[in-house]
Amino acid sequence: MKNAPAGYTVDELVALVNDARANSQEERDLARKCESYYDGDQWTANERKVLNERGQPIVTSNKVRKKVNAYLGLEQERRADPKARARSQKLVGSAEVATRLLRANMDAANFERVKSKCFRDGMVSGTMAVAQGIKIVGGQPQTFVKRIRFEDFIFDTRAYEDDFSDAQFLGYGRYMSKKQVKRFFPDADIDRAFDGARQHEGDDLADPQDETSHRTYWYNKKLERAYVVQLYYLVGDQWMYCTFTSGGKLEEGDSPYINDRGDSIAGVTAQSIYVGVDLDRHGPVKDMLPLQDELNKRRSKMLAALSARQSWAAEHVFANVTKARKEMAKLDGHWEPAAGTVKGQDWDVLENTFDFTGNARLYEVTEKELDAQGANPGLTGRGTQYSSGRAIQAQIQSGLREEAEIFDALRVWELRVYAMDWFLTRQFYTDQRVVRVIGRDDVEKFIPINEPQVKMTPRGPVAFLKNAPMMMDVDWTLDTTPDSATLRQEQFTALMEILGKTPPQLWDKMLPVVMMLGEFTQDTKDAVMQLVGGTPQQQQMQAAAQQIDMQERQAEVAKKQADVGLAKAREMDVRANAFLKMGRGYGTLPEQQLERAEMGLKAQELRNETQRGAMDFAFRRAEQARPAAGGSSGE
């Protein structure tokens, strides 16, 4: 066990958990009810008993599950990968490595599935929560992301913010056997922890999530398991953690996790969809419950009314009134009135006066109102079979405006999960390793991490680590959401129409302009530009041909410059010699001027010689470029 810092005692921690669970009991009861409605269990035991006594059918038209599943389907269609953004110009190259490394972590944690489950929790119970930390896999640290069910979630019920940023404690608890606890905490005093937990045991059905109990049972006699809690709590500015039962602590200490500023952080990332004025946390399913009840009960009543018969009879008409009423309710019922009785005088079956039309209209109104809540037809793209892909996208965007709070909460929570995972990666990924990343194109990429390198500097060789996460300072965003298949099909059709009206010899010049000006997705643009540019081998050959052509042009220009320079040098020599002869022959120049002229001529000859040497070098270099270019072309 780690050395215990100045944290809470066991009694204080137990009181904290008991208080949190008691204060959140109504939220937990509501969450259980919403979960039951999602599962199709929408009638209470008392309602079932009454309906069975009436002989009324129990009908359940589960709209809640369809609504929630529609949200989940939309989330899956709109999934986006995390992408790192460098915080400085020097770190732009490392942002791509950070992106691939984080995606590898998410793949290892199966985060897409975890996210879907957590999003369903947010829709039903109102809160998404995961535990994040480090585990050892194959002798190396590996980040993990695990879902926390709302039933297991322990939180500060006095926190106002939907992201729990003002919470003083966060954690989760589950029933565990001695064997399980021993595996995770081999050095802890497990017997003492379990013996103390038995002092707060419940009956066979007792459970911390039992809707009939408003206290926490720390031991389950039937399962012989103790309620084990892992809690992160604030002491000043320092987050601390403790794993404990009501009988004792199993492990405690300062939180081992820090963010990019070096601040202590908790290993729980949680986000609520809605927070009410009374700090009650709930999801959109809460608003569906009354309408779902009305649908079920109105439909059950109408079905019962279709087979119901009202009758009257004198006392002596039927020997068994109950049997006669049951027979009258049947489509092929048979009843026997007493001999000598006359229908209409001694007994009769009354006309059904139930208002089917009014109830059917009310049922339709309720159904439409329920359809308008949550994932409405505009959001799911229904009723758009004759619309274009762009029109469908516009309709979905319009539907998203009504549910902006839900998807914004999901986006914020997702980015916080990525940021937390990256903090752990920077802190604990200090060993040398190779990370495999599989992209959406199913192409495997291998990235070396913390690879030792040596570079030469004026002061000598310097050792450094290549792709070291601790040196990567980035922020996290989400890539553009993939477009739907309908929109891609529409863009493909539009592109084919353009190509059909354009001569093939102009495609390579026309397509880049169309991609730049048209409303095409980035995937479509990349695919078309790759098609125009050809395969990588063709692009390489084209680049080599362009390089050869450039070398030939440079050689031609260098030769012409050399020829011009040599011609100018010869012309200057001729003029200088003529000037000197003229001065000597006519005696018009003094001797000192002639000497200066001779010295100037020699200096000019020296300059001309230097220039001729430079021109010759340029000419030879130009001549050498030609065979090199030709050789490349031959290859």
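The values are calculated or read from the model by the stated rules, or taken from the named source; none is laboratory data. Remember, predicted model here, so these are calculated numbers, not experimental data. Positions of Cβ are backbone-derived with ideal geometry, glycine not excepted, and every protein chain shown enters the neighbour counts. Protein only, heavy atoms only, side chains kept; ligands, DNA and RNA dropped before computing areas. Shrake-Rupley method; radii C 1.70, N 1.55, O 1.52, S 1.80 Å.
Quick notes on this one:
- The length gained on full extension between LEU415 and SER165, counted as 0.36 nm times the residue separation minus their Cα-Cα distance, comes to 88.6 nm.
- Where labels lie 7 Å past Cα in the beta-carbon direction, separation of ALA463 and GLU497 in nm: 6.5 nm
- Under 14 Å from the ASP431 label point (7 Å along Cα→beta-carbon), backbone N, the range 113-150: 134-143
- The range 277-286 - phi-based ³J(HN,Hα) in whole Hz, Karplus 6.51/-1.76/1.60, Gly and Pro as x: 5, 8, 6, 7, 9, 8, x, x, 4, 4
- Residue ranking by accessible heavy-atom surface, 1.4 Å probe, largest first, among ASP371, ASP187, ASP39 comes out as ASP187, ASP39, ASP371.
- Between the amide H of VAL228 and those of ARG174, TYR175, MET176, distances stay under 5 Å, these residues lying 5 or more places away or on another chain, with hydrogens modeled in the peptide plane.
- Distant-in-sequence amide H partners of GLY126 (H built 1.01 Å from N, under 5 Å): GLY283
- Averaging the Cα positions of each part gives two centres, and for the range 163-191 and the range 281-302 these lie 38 Å apart.
- Working note: Debye formula, equal point scatterers on the alpha-carbon atoms of the range 16-152, no solvent; log10 I(q)/I(0) at q = 0.16 Å⁻¹ is -1.01.
- Using the Karplus relation 6.51 cos²θ - 1.76 cosθ + 1.60 with θ = phi - 60°, the per-residue 3J(HN,Hα) values for the range 141-147 come to x, 9, 6, 9, 9, 10, 5 Hz, with x marking Gly and Pro.
- In the assembled protein chains, ILE154 presents an accessible area of approximately 0 Å² (probe radius 1.4 Å).
- Of HIS334, HIS200, the residue with the largest accessible area leads and the full order is HIS334, HIS200 (1.4 Å probe).
- Cross-linked pairs LYS117/LYS286; LYS66/LYS115; LYS135/LYS222; LYS83/LYS455; LYS135/LYS179: Cα-Cα separations exceed 23 Å for LYS135/LYS222; LYS83/LYS455.
- Note on MET106: accessible area approximately 10 square angstrom, rounded to 10, probe 1.4 Å, nucleic acids and ligands left out.
- With the whole protein complex present, TYR175 retains an accessible surface near 40 Å², based on a 1.4 Å probe.
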